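A quick write-up on the structure given underneath.
Coordinate-derived values only; no laboratory data. Note that the coordinates shown come from a computational prediction; the quantities given were computed from them, not determined experimentally. Positions of Cβ are generated from backbone atoms using ideal geometry, with glycine treated the same way; all protein chains shown enter the neighbour counts.
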Amino acid sequence: MGPVSYGACVWWHDAGRDGWAPAFRDREVGYGMASAVDGLKKRIMALGRPDADGVYRDGAGKRRERCDLATAAISRLWADACDSVSFGVPQEGIALAAVGSLARGQMGPSSDLDLVVIMEPRVLKDAQISELTNKLWYPLWDCGLDLDHSVRTRQQCESVTDQDLPAAMGWLDVLPVAGDSGLVERTSSSILERWRRAARKRLPELLESASSRLEEFGRMPYLNQPNVKEARGGLRDAVLVSALAASWLADRPHGGYDDAVEKLLDVRDCIHLVAGKDTDLLLAQYQPSVARMMGLCDPTIPEPDRAVSAVEDLQTLLSRLGRRIAFALDATASHAEHTVTHERPRFAFFQMMRPQSDGHREAPRFDVIAPGVASHEHEVVLGTDAHPRSDPELPLRVATAAAEFGLPINPVTLMNLRACPIRDDAWNADARDMFVRLLASGRSLIRTWEEIDYAGIPGRWIPEWLGVRNRPSASAAHRYTIDRHMVEVTSRLGREGPDGVRYDDAHYAALLLAGILHDIGKRPGVRDHASEGARHAPVILRRMGFPQEIVDMTTMLVREHLTLSEFATGRDPADYGVARELSDRLGGDPLILDMLYDLTRADGSSLGATSGEVISKQYGWSRWRETTVRMMYTAVRDVMVGTWAQDASRPGFVP
């Protein structure tokens with residue numbers, strides 16, 4: 001039977017295999033030779049399939065096989081294109097190269113191809129270049145592969161990388177595919193040399209790109225539906241680490257870091273297989289299948305609990321990998337910044353008139369900002385008088401100083417804090433005051449808490465924290481994991497109440513503690529997390545030594561943190577009986593009502609996209625929700641202070 005054309009591919013009937021097979025170079029079809037890349041996308045996908053039991057194993061080996069297959073097929077495509085054009089393609093002065101995941105040896109089942117034709121000036125005419133590249137690009141498009149392509153001279157490659165930071169980082173890994181490999185290597189070496197010469201000037205730009213991505217995509221360990229490439233702690237950060245190491249400003253981390261990158265690439269591969277397309281967004285609908293492919297399903301657990309447990313284990317795995325990669329980036333960036341700083345002479349201005357150091361560089365400057373804590377080169381570090389192994393309060397002083405001064409904690413300092421003899425039941429008044437100050441630091445709290453969380457500090461202050469750490473929320477409305485959501489809520493709690501009156505110290509402390517504990521009851525198998533949280537909160541706060549007044553207020557807020565929103569969206573604020581019921585649940589205390597309103601607003605405004613949406617910045621505190629909650633708040637407050645409007649038309653009116 002002859003060939004059949006289906007879409008862009010040509011298929012032959014293979015009687016020996018009782019089916020249809022794609023035509024390759026050695027198959028002649030009616031109008032000529034079949035393309036070397038026919039069926040390449042399907043062959044790449046087939047190489048990434050999990051084992052017979054559904055588990056994806058040896059991801060690194062599968063990625064090598066995919067890269068070898070793609071490279072060989074594209075090399076054959078180049079040879080065919082050179083043979084079929086109407087002119088002779090020279091052996092030197094023109095080449096085909098790959099950048100991106102193929103060049104790094106990290107090609108996923110649905111990864112796109114980044115190819116560039118490099119040529120010396122005037123090797124070919126424009127019409128000839130067009131004819132040659134049409135023979136390359138169209139077959140790749142026709143077989144279904146996503147393709148980024150370009151044609152540049154060596155000088156154009158250098159110019160682009162000098163001006164375009166992503167292009168420069170991409171060119172730090174280049175793979176010669178076909179043609180003049182010496183030209184590719186010379187171009188790559190030239191770009192690498194230029195990168196190293198300009199690295200000191202481009203370091204701020206590089207770090208700013210990481211900060212911009214963090215602002216847009218968040219931190220992978222704390223997201224329910226993370227982008228495993230772009231989020232902090234994702235694969236893009238691994239590219240930045242390699243770029244910093246290539247600059248010779250810092251050494252590249254190894255060991256556990258390499259293992260984390262490979263494991264995250266396995267997760268990326270599984271996302272591709274489940275989604276059937278090139279995507280790095282781990283949506284909720286993909287997570288059960290990805291967890292199964294990653295071997296996280298426990299067969300001893302019955303369904304549907306098995307899938308829930310597997311997704312939680314997947315989230316825990318991503319948190320561990322994301323923290324490891326993010327810490328590697330932070331540490332490498334910190335070392336690079338220190339290298340740049342230390343290469344600059346530290347001459348004081350007046351040394352020109354009165355030399356005091358005999359021409360030598362000045363000693364590093366450490367500004368003490370708390371006992372045993374200093375700032376140095378825009379980071380919080382340990383002071384010379386710090387003794388981590390004998391100082392249980394040192395992590396609190398470091399964290400509070402970092403949050404209040406808005407500075408990051410030095411990575412080495414974080415590791416040293418692990419040695420502190422922290423006890424969850426040994427809190428004095430100073431420690432409690434510092435903990436409340438840390439919670440009151442606003443948006444700075446988020447970064448500081450994430451930093452100390454990498455060192456495992458919060459779980460040693462509050463052991464119950466470990467029960468919710470890294471846990472995804474069962475609610476599709478939550479953007480963040482449970483622990484990150486509680487930190488986000490706390491960061492949004494200000495000192496002023498709804499009417500602009502400032503809370504006193506006790507009430508504000510209770511509000512902040514309620515923020516950091518309001519979802520502490522979200523544990524496996526718990527149906528009413530608010531009641532469960534109200535059971536844990538007093539135990540935690542009494543162990544920390546807080547006064548009973550603060551314990552009681554915090555416990556009530558944790559227990560009722562959903563109540564105002566539920567009443568507002570499901571009950572009638574014009575009904576006196578409804579307002580009286582909520583007033584009674586809050587003990588008739590207007591200040592508790594004010595605090596509950598603030599907690600409800602912070603809780604609602606920290607939500608994210610629903611499961612059916614791509615993650616966006618549309619939060620859950622809409623105008624409608626704010627209006628309904630405010631109406632219920634006003635009605636309940638009127639009952640509490642005795643100003644309920646004497647309107648006989650209101651339901652439940654009591655004269």
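Please label the shape of the range 218-342 as rounded, prolate or oblate, based on the square roots a ≥ b ≥ c of the eigenvalues of the alpha-carbon gyration tensor (a/c under 1.5 means rounded; beyond that, a/b larger than b/c means prolate, else oblate).
The shape class here is prolate.
Report, by chain and number, residues whose modeled amide H sits under 5 Å from the one on Ile409, excluding near sequence neighbours (fewer than 5 apart, same chain).
Those lying under 5 Å, H to H, from Ile409 are Val380.
Could you pull out every one of the lysines with an alpha carbon less than 28 Å from that of Lys62, ignoring same-chain neighbours closer than 8 positions?
Lys41, Lys42, Lys229, Lys263, Lys277
Pull out the extension gain between Trp141 and Asp112, defined as 0.36 nm times the separation in residues minus the alpha carbon to alpha carbon distance; nm, one decimal.
Net length gain for the segment: 9.4 nm.
Using label points projected 7 Å from each Cα along Cα→Cβ, tell me how many nm separate Arg122 and Asp164, to one decimal.
In this crude label model, Arg122 to Asp164 measures out at 2.7 nm.
Testing the spin-label approximation: label points 7 Å from Cα along Cα→Cβ at Arg542 and Arg418. State their distance in nm.
Output for this residue pair reads 3.5 nm.
For Glu532, what is the net charge nearby, where nearby means another residue's Cβ is under 15 Å from its Cβ and Lys, Arg count +1, Asp, Glu -1?
+2
Can you work out ³J(HN,Hα) from phi for every residue in the range 42-53, in order, using Karplus 6.51 cos²θ - 1.76 cosθ + 1.60 and θ = phi - 60°, giving whole Hz and x for Gly and Pro?
So the Karplus estimates, Gly and Pro as x, are 5, 5, 5, 4, 5, 5, x, 5, x, 5, 4, 8 Hz.
Among Lys42, Lys263, what is the fewest-to-most ranking by other Cβ atoms within 10 Å?
The most exposed by this proxy come first: Lys42, Lys263.
As I understand it, the dipole of the chain uses +1 on the Cβ of Lys and Arg and -1 on the Cβ of Asp and Glu, about the Cα centre. Which of Ser189, Ile592, Cys270 lies farthest toward its positive end?
Checked the options; the winner is Ser189.
Quickly rank 277-284, 446-453, 492-499 as a protection proxy: mean count of other C-beta atoms within 10 Å, highest first.
446-453, 277-284, 492-499
For the ranges 426-433, 632-639, 118-125, what's the packing order if you count other beta-carbon atoms within 10 Å of each residue, average per peptide, and put the highest first?
Highest mean packing first, the order is 632-639, 118-125, 426-433.
Specify the inter-centroid distance of the range 558-586 and the range 390-406, based on alpha-carbon positions, in whole Å.
Spelled out, the Cα-based centre of one part sits 40 Å from the other.
Given H placed 1.01 Å from N in the peptide plane, which residues other than close sequence neighbours of Asp146 have an amide H under 5 Å from its amide H?
The answer is Leu113.
How would the range 450-561 be classified by its alpha-carbon gyration tensor: rounded, prolate or oblate, with rounded meaning a/c under 1.5 and the a/b versus b/c comparison settling the rest?
Verdict is rounded for the range 450-561.
If you wrap a convex hull around the Cα atoms of the range 138-190, how much volume per residue is inside, in Å³?
96
So what are the ³J(HN,Hα) numbers for the range 367-377, from phi and the Karplus equation (6.51, -1.76, 1.60; θ = phi - 60°), rounded to whole Hz, Gly and Pro as x?
9, 5, 10, 6, x, x, 10, 9, 9, 8, 6
Please identify the trypsin sites (Lys or Arg not before Pro) of the range 507-561 that satisfy two criteria: DSSP loop assignment and at most 15 other Cβ atoms within 10 Å. Which are they?
Filter output for the range 507-561: Arg527.
From the alpha carbon gyration tensor of the range 414-461, can you work out the equivalent ellipsoid semi-axes (sqrt of 5 times each eigenvalue) and give them in Å, largest to smallest?
With the √(5λ) rule applied to the range 414-461, the semi-axes are 17, 16, 7 Å.
What ³J(HN,Hα) values, in whole Hz, does the Karplus curve 6.51 cos²θ - 1.76 cosθ + 1.60 give for the range 500-514 when θ = phi - 60°, with x put for Gly and Pro?
Taking θ as phi minus 60°, the curve returns x, 7, 7, 6, 6, 4, 5, 5, 5, 4, 5, 5, 5, 5, 5 Hz for the range 500-514.
Fully extended, how many nm does the chain gain between Gln155 and Arg535 (0.36 nm per residue separation, minus their Cα-Cα distance)?
Gain on extension, Gln155 to Arg535, equals 130.0 nm.
How large, in Å, is the range 362-461 by the Kirkwood hydrodynamic radius built from its alpha-carbon pairs?
That comes to 13.3 Å for the range 362-461.
Name the residues whose placed amide hydrogens come within less than 5 Å of the amide hydrogen of Thr153, ignoring near sequence neighbours (fewer than 5 apart) on the same chain.
Hits under the 5 Å cutoff: Met119.
Gap in Å between the Cα centre of the range 195-225 and the Cα centre of the range 300-319?
31
In what sequence, highest mean first, do 176-186, 597-607 appear when ranked by Cβ atoms within 10 angstrom?
The most tightly packed comes first, giving 597-607, 176-186.
R0 = 45 Å: FRET efficiency of Asp367 with Val85, Cβ-based, nearest 0.05?
Result of the calculation: an efficiency of 0.10.
So if R0 is 60 Å, what FRET efficiency would Ala246 and Ala52 give, r being the distance between their Cβ atoms, rounded to the nearest 0.05?
Once the sixth-power term is evaluated, E becomes 0.90.
With charges only on Cβ, +1 for K and R and -1 for D and E, what is the dipole size of the range 376-450 about its Cα centre, in debye, rounded to 20?
The calculated dipole for the range 376-450 is roughly 160 debye.
Hey, got the dipole for the chain? About the Cα centre, +1 on K and R Cβ, -1 on D and E Cβ, debye to the nearest 20?
Dipole of the chain, to the nearest 20 debye: 500 debye.
Which shape class, rounded, prolate or oblate, goes with the chain when its Cα gyration tensor gives a ≥ b ≥ c as root eigenvalues, a/c under 1.5 marks rounded, and past that a/b bigger than b/c marks prolate?
Since a/c reaches 1.5 but b/c is at least a/b, the shape of the chain is classed as oblate.
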